[in-house]
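The values are calculated or read from the model by the stated rules, or taken from the named source; none is laboratory data. Bear in mind the structure is a predicted one, so any value in this text is a computation, not a measurement. All Cβ positions, glycine included, derive from the backbone under ideal geometry; neighbour counts span all protein chains shown.
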Amino acid sequence: MSTVPLDDDALNQTLSEARELRDEFQRFLHEYEFGMREIETKISILRDEFTHHHSYNPIEHVKSRVKSPDSIVEKIARRGIEPDFASIRQHITDIAGVRVTCSFVADVYRLFDLLTAQDDVTVRIVKDYIAAPKPNGYRSLHAILEVPVFLSSGPIMVPVEVQFRTIAMDFWASLEHKIHYKFQGQVPAHLVGDLTAAAEAASELDARMERLHHEAHAPLAVLPLDV
C-alpha cells in the first residue's frame, strides 16, 4: 500500500500539531510531578521533625515516581478509558506515586494519620491491605490523596497515590513483583503457595520486631532500695 507524501505546508502543520500535543502531555505530567513533590516535602518535614525533636525516625526510606507515557497509554487501553486528558484525570489516580517504607506497622498508621490530618490534604480513597491482606498475602496501606499545586495559571488539585509499608512488606512485594514479571503473570502454583506463606512469615516478623522494639524502649523498672 503506497502513501502520498505530504507537501511542505501539510508536513509543517502535522509537525506543529504533534509538537503541541507533546507539549500539552508534558504539562499534564508536570502537574503530577508537582503534586508528588508536595507530598514528598510534607513527608520530609515529618521525618526531620521526628529525627530532631523526638529522637526517633519512623521512616526508613521514600521512593517516588510518575508513570511513563507508555504506562499511561497501556492503562488507558486496558481499562477502556477515553484518550483525553479530562478522562485520564478522572479515572487514573496513580499517575504520581510515593512509597513510604516504615520501621513498624504502628509507624505506618501514625504517619498516615499525621499526613492526612494536614488541612490542605484531601483523602479520596483508602485501601488498607494490612488489616485485610490480598489473597496472595500482599500487605500495604494505599491512599489516594489530593494536594493543591499552585501554578502561574492558578491552583489545581492533584491526586497522588501514597503507599505505606514496613520493611518486611516492601521486601516481599519487591520479590513478588520480580517473580510475576519473570513468569509474565503465570506463576506456578507451588510458587504462589510459597509466596503466600512468605507473606505470613513477614507479617509475623513485623509483629515480633515491633514487640522487641517496645521492650527495648520501655522504661526500666525501678527496683526497691535495700533497707
- Residue tally, condition surrounded by fewer than 20 Cβ atoms within 10 Å (Cβ to Cβ) and of a type in the set (A, V, I, L, M), over segment 150-172: 4
- Message: List the residue pairs whose Cβ atoms are under 7 Å apart, where the first residue sits in segment 92-114 and is closer than 15 Å to GLU60 by Cα and modelled with pLDDT of 95 or more, the second is buried (at least 18 other Cβ atoms within 10 Å of the Cβ) and among the small types (Gly, Ala, Ser), and the two are 6 or more positions apart or on different chains.
- Response: PHE112/ALA143
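Among the residues of segment 126-149 satisfying the criterion of being among the charged types (D, E, K, R) and within 14 Å of the chain's Cα centre (by Cα), which is surrounded by the most Cβ atoms within 10 Å (Cβ to Cβ)?
Looking only at segment 126-149, we keep the residues that are among the charged types (D, E, K, R), and these are 127-128, 134, 139, 146.
Checking which are within 14 Å of the chain's Cα centre (by Cα) leaves us with 127-128, 139, 146.
Numbers: LYS127: 15, ASP128: 16, ARG139: 25, GLU146: 17.
It comes out as ARG139.
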- Note on the structure: Here the residues within segment 19-62 that are part of a helix (DSSP H, G or I), over 16 Å from GLN118 (Cβ atoms) and touching a helix residue (DSSP H, G or I) at 6+ places or on another chain (Cβ under 8 Å) are GLU24, PHE25, PHE28, LEU29
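A quick yes/no check of all residues on (1) hydrophobic (A, V, I, L, M, F, W, C); (2) touching a helix residue (DSSP H, G or I) at 6+ places or on another chain (Cβ under 9 Å):
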{"residue": "GLN90", "(1), (2)": "no, no"}
{"residue": "THR93", "(1), (2)": "no, no"}
{"residue": "ALA96", "(1), (2)": "yes, yes"}
{"residue": "THR101", "(1), (2)": "no, yes"}
{"residue": "VAL108", "(1), (2)": "yes, yes"}
{"residue": "ASP113", "(1), (2)": "no, no"}
{"residue": "ALA117", "(1), (2)": "yes, no"}
{"residue": "VAL126", "(1), (2)": "yes, yes"}
